[in-house]
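Input: a single structure, listed below in structure tokens.
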Amino acid sequence: MEKTHYPQEINITETLMDRIKELTSHYPEDKIKSALLPVLHEVQDAHDNWLSMELQDMVAEILHLKPIEVYEVVSFYTMYNQRPIGKYMFEFCQTSPCCLNGVENLMDYTCNKLGVKIGEPTADGLFEIRGVECLGACGYAPMMQLGDFYQEHLNEQKIDQLIADCKENKIVLHDK
């Protein structure tokens, strides 16, 4: 399958570079690769929550890494997005406790409600649904992550309320 190229405006501001320098200062010079995950988070947050190939190349250059070292990390972790995504990403946990408590039915319900398939943003760019590995909140199943926050003990009514709250801009995505 051919990969689609999405153009992205790259804007490495002085403030972002200062933040990257602060993050990398926590690691010895010969272990700078250890700063890759937090740097990718900062860069992604500053670029509409996704990382184009060109932006990944720039991160590699800034950290003095080979581009493949950045690509490997970005393609491995679901928390890094390689294309534009919906503003509100509903990341449903798909491991055993959540599945045993009906998360697959809730994912189907949410897809039907929004008129999309898993991994497909809504036409207005507001929503996207993704299945992810364990989010570490098994006692609160079924659950999902929305931005930096967990939504627990989900049911159809809670999904309806989350969608309504997102449409009304009542949901804060990041704890920053």
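Tabulated values for the structure
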{"read-out": "Filter result (over 18 Å from MET79 (Cβ atoms), open to solvent by 20 Å² or more (accessible area, probe 1.4 Å) and assigned to a loop (DSSP other than H, G, I, E, B)) within the range 116-141", "value": "LYS117, GLU120, ALA123, ASP124, GLY125, LEU126"}
{"read-out": "TYR80 vs. criteria hydroxyl-bearing (Ser, Thr, Tyr), within 18 Å of LEU162 (Cα to Cα), open to solvent by less than 70 Å² (accessible area, probe 1.4 Å) and touching a helix residue (DSSP H, G or I) at 6+ places or on another chain (Cβ under 8 Å)", "value": "no"}
{"read-out": "Close pairs from the range 32-52: first over 23 Å from PRO7 (Cα atoms), partner among the hydroxyl-bearing types (Ser, Thr, Tyr), Cβ under 7 Å, at least 6 apart", "value": "ILE32/THR24; SER34/TYR27; ALA35/THR24; ALA35/TYR27"}
{"read-out": "Residue within the range 55-66 that is of a type in the set (Gly, Ala, Ser) and surrounded by 14 or more Cβ atoms within 10 Å (Cβ to Cβ) present", "value": "yes"}
{"read-out": "Unique residue being within 18 Å of the chain's Cα centre (by Cα) and of a type in the set (A, V, I, L, M) when the list is LEU106, LEU100, LEU162", "value": "LEU162"}
{"read-out": "Breaking point among (1) open to solvent by 50 Å² or more (accessible area, probe 1.4 Å); (2) assigned to a helix (DSSP H, G or I), for GLU69", "value": "(1)"}
{"read-out": "Scan of the range 1-49 for residues that are part of a loop (DSSP other than H, G, I, E, B), surrounded by fewer than 16 Cβ atoms within 10 Å (Cβ to Cβ) and under 16 Å from the mean Cα position of the chain (by Cα), ordered by number", "value": "ASP48"}
{"read-out": "Looking only at the range 142-165, and only at residues there that are open to solvent by less than 20 Å² (accessible area, probe 1.4 Å) and modelled with pLDDT of 95 or more, the one that is nearest to VAL103 (Cα to Cα)", "value": "PRO142"}
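The values are calculated or read from the model by the stated rules, or taken from the named source; none is laboratory data. Predicted model only: the values in this text are computed from it and were never measured. FYI the Cβ positions are ideal-geometry reconstructions off the backbone, even for glycines, and counts take in every protein chain you see. Areas reflect the complete protein model, heavy atoms only, side chains present, ligands, DNA and RNA absent. Shrake-Rupley method; radii C 1.70, N 1.55, O 1.52, S 1.80 Å.
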